[in-house]
1. Tell me, what is the per residue accessible area of the chain in Å², probe radius 1.4 Å?
2. For R41, R62, what's the largest-to-smallest order of accessible area, 1.4 Å probe?
3. Counting alpha carbon pairs within less than 8 Å and at least 6 residues apart, what relative contact order, in whole percent, applies to the stretch 4-88?
4. With the full set of protein chains in place, find how many percent of the accessible area of the chain is carbon and sulfur; take the probe as 1.4 Å.
5. Do any GluC sites (Glu not before Pro) in the stretch 1-73 lie in a loop, going by DSSP, with at most 14 other beta-carbon atoms within 10 Å of their beta carbon, and if so which?
6. Hey, what angle do you get for helix 37-56 against the long axis of the chain, alpha-carbon based, 0 to 90 degrees rounded to 10?
7. Among rounded, prolate and oblate, which fits the chain when a ≥ b ≥ c are the square roots of the eigenvalues of its C-alpha gyration tensor, a/c under 1.5 means rounded, and a/b larger than b/c means prolate?
8. Could you sort 13-23, 75-85 so that the peptide with the highest average Cβ count within 10 Å comes first and the rest follow in order?
Amino acid sequence: MKLNLIGGAWVEGAGVCQNINPSDTRDVVGEYAQADAAQARQAIAAAHAAAPAWGLSTPQQRFDILDAAGSEILARKAELGDLLAREEG
């Protein structure tokens, strides 16, 4: 099961949600932690607390972070393409 990332920690949700392939309803693409309202508030508070540090980072630091994320997506494009095809049906 995929967990929620809140304030830098991976946490279980209040429930579990299955992502089912709409083209093949026997295919469970994944199971995901489903947050409740309290966890949503925690995530919003964590994002709010992190915003000042992000705002103080340099354009180069932000570029480096976003470039690393983009590079990871490109490196996994075949895997992610297959996953998206299953998820979207």
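1. Heavy-atom accessible area per residue stands at 75 Å².
2. R41, R62
3. 30
4. On the way: 3990 of 6670 Å².
Solvent-exposed carbon and sulfur of the chain make up 60 percent of the total.
5. Those satisfying the criteria are E12.
6. Relative to the chain, helix 37-56 is tipped by roughly 40 degrees.
7. On the way: a/c = 3.52, a/b = 1.31, b/c = 2.70.
Oblate, because a/c is 1.5 or more while a/b does not exceed b/c.
8. The most tightly packed comes first, giving 13-23, 75-85.
The values are calculated or read from the model by the stated rules, or taken from the named source; none is laboratory data. Keep in mind that this is a model prediction, so the values were computed, not measured. Using ideal geometry, Cβ is built from the backbone for each residue, glycine included, and neighbour counts are taken over all protein chains shown. These area figures cover heavy atoms from the full protein model, side chains too; ligands, DNA and RNA do not enter into them. Shrake-Rupley method; radii C 1.70, N 1.55, O 1.52, S 1.80 Å.
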